[in-house]
């Protein structure tokens with residue numbers, strides 16, 4: 001990566017000035033600008049990842065342990081239901097990286113969710129059950145990466161920017177929904193896999209590795225998703241605190257300035273767009289393996305709105321807040337849907353409006369910041 | 001050795017001709033001031049050189065390469081650099097992170113930028129958020145960032161805007177020292193005291209054209225130049 005060679009120069013400058021470590025003060029980040037903590041040295045904390053330090057990572061470890069041990073003290077049904085909510089998290093975190101860090105709002109991330117889900121279904125049905133499904137999962141993610149990169153290439157190398165990008169990405173997903181909705185006939189079959197029209201594709205084999213089946217009726221998928229989500233959160237935090245993360249944040253803050261520092265910003269935007277697409281695809285594959293089906297409405301307008309809501313309400317510049325917001329809103333809409341599907345959308349819309357007016361940075365991040373201040377105030 | 005050559009560069013915005021056949025050359029290590037009344041086309045010339053605007057006609061060459069149609073980042077990689085009129089740093093990042101983003105050409109660039117940071121007393125502020133620096137320090141930080149690609153030509157658009165006289169004096173000394181390090185500079189400035197401090201050949205732009213060229217003493221003595229600054233001549 002360009003700029004990495006500066007490290008040697010920076011180290012020399014550090015020796016000269018003794019005050020050149022890579023930490024800084026940031027609201028919500030640890031106070032004080034002393035020597036870098038172990039978390040900062042590992043790239044887990046930094047000014048571009050809100051919240052951090054020993055307290056944060058202790059809570060993270062506790063939450064991870066509580067999640068992994070949940071089937072021991074909670075019901076298996078609740079764990080399997082929770083899996084459904086967790087499946088949304090990679091999609092939301094990808095959008096947080098794209099929107100919150102790189103400044104590119106995609107209103108059509110679910111297109112990649114759908115492409116990966118359908119691709120997994122087609123490949124898994126054709127290639128058979130068992131470990132071939134693992135190949136299907138990677139194949140679906142690979143195809144999603146190619147589609148995201150191709151679409152992103154036209155966006156960014158065409159110098160499309162601003163509000164045109166949300167419109168174009170929304171158009172992408174709506175076109176996909178329309179196309180998938182009219183694939184009901186038997187002529188819409190890829191090998192042995194019928195696309196299924198509005199009813200969607202059914203009988204998709206669950207991901208299976210050896211004798212372990214990651215389906216929606218047993219716990220292995222729950223464990224897999226918990227570990228994946230934790231890994232993605234940690235990985236994205238490290239990415240955000242790397243030189244690459246600083247560059248994409250610079251692009252968000254001032255893309256022209258960043259280009260005049262010698263960076264081909266289109267390449268960075270394309271890479272982030274592709275990463276976000278693959279993360280959305282990961283959610284799509286997990287969804288297909290969880291429910292053994294996927295339908296066109298999963299790439300429709302309402303489905304496209306949810307990830308934007310999760311990220312906006314959570315706080316797009318905080319990965320942790322987005323994770324919490326996604327789980328909370330997924331659980332809330334699930335609970336409300338028992339009474340009325342429409343009620344869930346009305347409440348979600350009201351939350352977004354409230355968030356935009358009362359907490360423009362995001363409701364979850366604002367609540368967490370207040371809680372952090374209260375805790376640190378009590379400690380003092 | 002001539003590094004930068006503009007030949008007949010022309011750029012129109014609707015009915016307004018912002019650059020009307022501008023010819024300009026710059027040699028390695030040379031420094032030059034670009035002055036003129038508001039709307040003379042000075043900032044447009046910088047944007048044309050950096051590729052932020054495409055000329056309607058004419059050509060721009062840098063180090064014997066035709067760069068008229070090149071993307072801005074390619075020109076930076078060739079050795080052109082620019083400091084904006086308003087500070088364009090990344091306020092949420094620290095000073096060191098701003099520099100880390102700016103630095104890209106290994107040891108020489110690091111040493112050059114470290115020299116700049118030392119020169120302006122910023123070396124000890126590496127952990128400070130850039131947005132917390134004083135206005136003058138933010139300008140200086142951006143100047144140091146402009147050195148991050150080890151440029152051969154730096155364009156500076158009103159580098160002393162909003163600075164105190166002492167800060168302007170330090171900035172002038174910095175620009176003079178750049179030439180000693182083989183880095184050419186073109187400076188747009190309205191502060192005539194600063195322009196005199198630079199002791200550089202001066203080009204006067206007016207209505208998108210090169211109006212006069214010469215030393216600052218010659219320019220100041222020219223009655224036509226005095227009149228265009230007062231708005232009495234429609235040249």
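Derivation of every value follows stated rules applied to the coordinates shown; laboratory data play no part. Everything numeric here is computed off the predicted structure, so don't read it as measured data. Cβ coordinates were reconstructed from backbone atoms using ideal geometry, including for glycine residues, and neighbour counts include every protein chain displayed.
Taking a ≥ b ≥ c as the square roots of the eigenvalues of the Cα gyration tensor of the stretch A:58-216, is the shape rounded (a/c under 1.5), prolate (a/b larger than b/c) or oblate? Please report the intermediate quantities before stating the final value.
Working: a/c = 2.08, a/b = 1.14, b/c = 1.84.
Because a/c hits 1.5 or more and a/b fails to exceed b/c, the stretch A:58-216 counts as oblate.
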- Mind ordering A:329-337, B:188-196, B:143-151 by average Cβ neighbours within 10 Å, highest first? B:143-151, B:188-196, A:329-337
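Give me a single rounded figure for B:75-81: the average over its residues of other chain Cβ atoms within 10 Å of their Cβ.
Details: counts 3, 5, 4, 1, 1, 2, 3.
Averaged over the peptide's residues, the number is 3.
Suppose we keep just the DSSP beta bridges with both residues in the stretch B:69-200; what percent of those would be antiparallel, to 5? Intermediate values should be presented prior to the final figure.
On the way: 1 of 10 bridges.
Antiparallel bridges: around 10 percent, rounded to the nearest 5.
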- For the protein assembly as shown the translational diffusion coefficient, Stokes-Einstein from a Kirkwood Rh over Cα pairs at 10 °C and viscosity 1.306 mPa s, in µm²/s, is roughly 59 µm²/s
- Item | By average C-beta atoms within 10 angstrom, highest first, the peptides B:17-25, B:173-181 | B:17-25, B:173-181
- Message: Output the 0 to 90 degree angle, nearest 10, between the alpha-carbon long axis of helix A:6-17 and the longest principal axis computed from the alpha carbons of chain A.
- Response: 30 degrees
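Can you show me the helix-derived [θ] at 222 nm for chain B, built from DSSP H runs with n ≥ 4 at -39,500 (n - 2.57) apiece and divided by the number of residues, rounded to the nearest 500. List each step's numbers first, then the result.
Values: 9 runs with 87 residues, N = 235.
Dividing the helical sum by the residues of chain B leaves -10500 deg cm²/dmol.
Give me B:154, A:346 sorted ascending by neighbouring Cβ count inside 10 Å, so fewest comes first.
Working: B:154 23, A:346 11.
Ranked by crowding around the Cβ, least crowded first: A:346, B:154.
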- Message: Can you sort B:83, B:47, A:189 from fewest to most other Cβ atoms within 10 Å of each residue's own Cβ?
- Response: A:189, B:47, B:83
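With a ≥ b ≥ c taken as the square roots of the eigenvalues of the C-alpha gyration tensor of the stretch A:75-163, please select rounded if a/c is under 1.5 and otherwise prolate if a/b is larger than b/c or oblate if it is not?
Details: a/c = 3.40, a/b = 1.40, b/c = 2.43.
Taking the square roots of the gyration eigenvalues as a ≥ b ≥ c, the stretch A:75-163 is oblate.
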- Message: Using alpha carbons only, how many angstrom separate the centre of the stretch B:162-232 from the centre of the stretch B:43-104?
- Response: 21 Å
- Task: Write down the Kirkwood hydrodynamic radius of chain B, to one decimal in angstroms, obtained as one divided by the mean of 1/r over all alpha carbon pairs.
- Result: 18.1 Å
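Of the beta bridges DSSP finds with both residues in the protein assembly as shown, what % are antiparallel, to the nearest 5? Could the numbers behind the result be given before it?
Working: 29 of 45 bridges.
Counting only bridges with both partners in the protein assembly as shown, antiparallel ones make up about 65 percent.
Taking every residue in A:244-251, how many Cβ atoms of other protein chains lie within 10 Å of its Cβ, on average?
Working: counts 0, 1, 7, 3, 0, 5, 8, 2.
For this peptide, the per-residue mean of nearby foreign Cβ atoms is 3.
In peptide A:261-271, what is the residue-averaged number of other protein chain Cβ atoms found within 10 Å of each Cβ?
Values: counts 16, 18, 7, 5, 3, 2, 1, 0, 0, 0, 0.
Mean inter-chain Cβ contacts per residue within 10 Å come to 5.
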- Item | Mean separation of Cα contacts under 8 Å (6+ apart) over length of chain A, as relative contact order % | 26 percent
- Taking A:289, B:2, B:68 and counting other beta carbon atoms within 10 angstrom, the fewest-first order is B:2, B:68, A:289
- What percent antiparallel are the DSSP beta bridges of chain B, to the nearest 5? 60 percent
- Applying the gyration tensor rule to the Cα atoms of the stretch B:1-123 (axes a ≥ b ≥ c; rounded if a/c under 1.5, else prolate if a/b exceeds b/c, else oblate), the class is prolate
- Message: Quick check: the angle from helix A:132-157's long axis to the longest principal axis of chain A, C-alpha only, nearest 10 degrees?
- Response: 60 degrees
- Query: Rg (Å, one decimal) plus Dmax (Å, integer) for the alpha carbons of the stretch A:53-379?
  - Reply: 19.7, 67
- Task: Measure nothing fancy, just the Cα-based angle from helix A:265-291's long axis to the longest principal axis of chain A, in degrees from 0 to 90, nearest 10.
- Result: 50 degrees
- Take peptides A:241-252, A:195-206 and line them up by average Cβ neighbours within 10 Å, highest first, as a rough protection proxy. A:241-252, A:195-206
